[in-house]
1. Just to confirm a number: summing +1 for Lys and Arg and -1 for Asp and Glu over residues other than Val7 whose beta-carbon lies under 14 angstrom from that of Val7, what do you get?
2. Lys and Arg at +1, Asp and Glu at -1: add these up for the other residues within a Cβ distance under 12 Å of Lys100 and post the number.
3. Which lysines, on any chain, are close to Lys103 with Cα under 21 Å apart, when same-chain ones fewer than 8 places away are left out?
4. Counting alpha carbon pairs within less than 8 Å and at least 6 residues apart, what relative contact order, in whole percent, applies to the chain?
5. What order do you get for Ile51, Ile104 when you list them from fewest to most C-beta neighbours inside 10 Å?
6. Karplus couplings for segment 19-33 from phi (6.51 cos²θ - 1.76 cosθ + 1.60, θ = phi - 60°), rounded to Hz, Gly and Pro as x?
7. Using the alpha-carbon centroid of each, what span in Å lies between segment 53-85 and segment 5-39?
8. Of (i) 18, 16, 15; (ii) 56, 14, 10; (iii) 27, 14, 11, which one was derived for semi-axes √(5λ) of the Cα gyration tensor in Å from the structure shown?
Amino acid sequence: MPAKILVADDDKAMLGLYSRIFSKTEHSVSMAESFKEALEMLRSADFDLLITDFMFPDGLGTDLIRAFAAEGKQDKSLLVSGSCSEEELKASGVKLYLEKPFKIENFLALVSEALG
C-alpha cells in the first residue's frame, strides 16, 4: 500500500532529488521548504513517514521528529543531514539517520525500514 510521506528540506536541489527518487515509487509525497511549513503540514495531515533535514533557518529537524513522535510515530521518521553529531542524535531520540551525501539504495532501504 502506498505511504504518505512528508519530506522537509530547505535545499531546493535536495527536494528535487527526493522528488525524482519518489517518482519511481507508488508513495504519495508532500514537500516542505521550511520548518514552519513542515510543522503546519504535520499538524494538518496524517503522514506515514517524515523525512527531514537537520538544520533549517527557522528550526531544527529534530523538533519536527519530536512533533511527529508526539502523534505516536516515533519510529516513522528519518533524519538526513550532513551536520548532525552523535550526541545530538541521541539527545533527540532519532532512530534512523542518514548522512549526506548518500547512495540512493541506502536511502530507499532506510525508507523501507521506517515504513516497516
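Every read-out reported here was derived from the displayed coordinates using simple, explicitly stated rules and does not represent laboratory data. Keep in mind that what you see is a predicted model, and the values were worked out from it rather than measured. As a convention, Cβ positions derive from the backbone with ideal geometry for all residues, glycine included, and neighbour counts pool all protein chains shown.
1. On the way: positive: Lys4, Lys12, Arg20, Lys76, Lys100; negative: Asp9, Asp10, Asp11, Glu33, Glu37, Asp48, Asp53.
Around Val7, the charge tally is -2.
2. On the way: positive: Lys103; negative: Asp9, Asp11, Asp53, Glu99.
Neighbour charge sum, excluding Lys100 itself: -3.
3. Counting by Cα, and skipping residues close in sequence, Lys103 has these lysines nearby: Lys12, Lys24, Lys76, Lys95.
4. Working: 186 pairs, mean separation 26.3, N = 116.
For the chain, the relative contact order is 23 percent.
5. Details: Ile51 26, Ile104 11.
Fewest to most other Cβ atoms nearby, the residues stand as Ile104, Ile51.
6. With coefficients 6.51, -1.76 and 1.60, one gets 4, 5, 4, 6, 5, 9, 10, 8, 5, 8, 10, 10, 10, 10, 9 Hz.
7. 14 Å
8. (i)
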